[in-house]
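The values are calculated or read from the model by the stated rules, or taken from the named source; none is laboratory data. Computed from a predicted model, the values in this text were never measured in an experiment. FYI the Cβ positions are ideal-geometry reconstructions off the backbone, even for glycines, and counts take in every protein chain you see. With ligands, DNA and RNA removed, areas are computed over all heavy atoms of the protein, side chains included. Shrake-Rupley method; radii C 1.70, N 1.55, O 1.52, S 1.80 Å.
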Amino acid sequence: MAGVQGKEAGEAPGAGGRQLKVELHGLDVIGDAERKGRPRQLFWPWFGANVSVLGLSYGSFVLGFGISFWQALAAGVVGILLSFLLCGFVALAGKRGSAPTMVLSRAAFGVRGNRLPSAISWVLTVGWETVLTALATLATATVFDRLGWGGGTPTKVIALIVVTLLIVAGGVMGFDLIMRMQTVITVVTGVLTVVYILLVAGHIHWDAVSAMPGGSAQQFIGALVFMLTGFGLGWVNAAADYSRYLPRRSSSAGVVGWTTFGASVAPLVLLVFGLLLAGSSGALSTAIASDPIGALTTILPTWFLVPFAAVAVLGLVGGAVLDIYSSGLALLATGLRAPRYVAALIDGGLMVAGTIYIVFVADDFLGQFSGFLTTLGVPIAAWCGVMLADVALRRRDYDETDLYRPSGRYGDIPAAPIAVIVACTAIGWGLVTNTAASWLGWQGYLLDRLGLGGRSGSWASANLGVLVALVLGFAATWALTRSKVRSQERLASEDPGSTPAQATKL
């Protein structure tokens, strides 16, 4: 879809006679000459990043809220589709502005004011790539243990090294290699996942699944919020990083549609099957909480363990590669002055450190994972609300020069959007709880004050703060910045000859 301008490094033969090169694009704008392809090509990176068998484990996660199969299915379908639809709308900004998501966010937050949401985005993406790397490591160790090849510390160390090399290589090389990797990952994991489903279908017992009692409205909302944060809200801050390579004339409906479809189709299928498996066996559901991928091997025939390890690791790597690419961009957007591939290497180091903690130190994966998703889900939801309102208000393409100029039309550190994201985050954290993660016990401070029963009441597990932060962020931005955006648009119409920025300036 796109080449790389400037000097290149690490050239190697690529598919179709082309060469793979280290992408030197950082926060700069992709020039019109390099913007190629069609919206349907967005299917590959988004499908490849979300076809992971981890989607099967979400069946156990969502049933853990104490709801029935049908409630869990509804929460899952709505959560997946709605959250990835948000990604589709944010992806529109990439087509309009040709820059990474966290640069386009400057139109709403100002050139340097945007460093705050960029830092939040960076923490989220580094966290996700760490979680996926840890799961790939644990899954490999479990498979080796079942095969009698040893699943102890040496196996985990080797698995961590191999997985890290794959992820960091994709992050460092950049867009072109990522697109090729995701195409391969999509085909291999798609086929092997279907085989897995066929092999374990006999473990589904509809009588047990249908007999699960229903939960309260609060439990249903909690499951819905978990699905929102576990899927699309974990990607919104990177949603425009790939659509920025498309030509400006690309169909907006196509960008939204292919992003949403590509990202959600695999999780929807995997969720349904995961719900059926977890609902059929309480023991399996419990095992998934501590080893979400490895537990799925316990119902497999031995001969399929190696192919399963391949599909599990490749699926997780597919998601982690997109994360490390976007986390590097987010780190640059916080103000780090370094080449993009250096930022990716820094994130890779942090990813390894975090993986070592999860694999060799922590003993409660699901509790920490849930706490991580909900806690960072609140500020990301607030940012998403602000970003969506800003995208909806604009009728013209971004001024690519002013995205890098503090004295330009988007401003430097505007007070309103910063105040909105801080206020929405403070309110949101006051309406969520994370009882499984003791270090987050300070959250939920508004539940009692608002008459919602406090931290032990029925609304405590609903995690309303994520939804509240999203809605308030959108509404406040729409109300407070409409006139400002209109003024910027008028300025753009009076000065249509801006030159696209071609280098990272801030």
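Given the residues A139, A74, which is the only one that is part of a helix (DSSP H, G or I) and over 30 Å from S458 (Cβ atoms)? I'd like the intermediate steps shown before the answer.
Values: A74 fails: over 30 Å from S458 (Cβ atoms).
Of A139, A74, the one residue that is part of a helix (DSSP H, G or I) and over 30 Å from S458 (Cβ atoms) is A139.
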Self-check item: Lone unmet requirement of (1) within 17 Å of V103 (Cβ to Cβ); (2) crowded, with 19+ Cβ neighbours inside 10 Å for P406
Solution: (2)
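Check A119, A108 and return the single one that is within 23 Å of D347 (Cβ to Cβ) and assigned to a helix (DSSP H, G or I).
A119
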Quiz item: Given the conditions (1) touching a Ser or Thr at 6+ places or on another chain (Cβ under 9 Å); (2) in a helix (DSSP H, G or I); (3) closer than 29 Å to A139 by Cα, which single one is not true for G94?
Solution: (3)
Quiz item: Does T189 satisfy being more than 17 Å from the chain's Cα centre (by Cα) and either open to solvent by less than 10 Å² (accessible area, probe 1.4 Å) or closer than 21 Å to W44 by Cβ (or both)?
Solution: yes
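Please verify whether V78 is surrounded by fewer than 24 Cβ atoms within 10 Å (Cβ to Cβ) and of a type in the set (A, V, I, L, M), treating the condition exactly as stated.
So V78 passes the test.
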Exercise. Pairs only if they're at least six apart or on different chains, beta carbon under 8 angstrom, first in the range 27-56 and closer than 19 Å to G257 by Cα and open to solvent by 10 Å² or more (accessible area, probe 1.4 Å), second among the charged types (D, E, K, R) and not in a helix (DSSP H, G or I); list them, first residue then second.
Key: none
Quiz item: Among the residues of the range 144-163, is there at least one that is open to solvent by less than 10 Å² (accessible area, probe 1.4 Å), in a helix (DSSP H, G or I) and either touching a Gly at 6+ places or on another chain (Cβ under 6 Å) or of a type in the set (D, E) (or both)?
Solution: no
Quiz item: If only one of A416, A389, A381 is open to solvent by 20 Å² or more (accessible area, probe 1.4 Å), part of a helix (DSSP H, G or I), small (G, A, S) and touching a residue at least 40 places away in the same chain (Cβ under 8 Å), which one is it?
Solution: A416
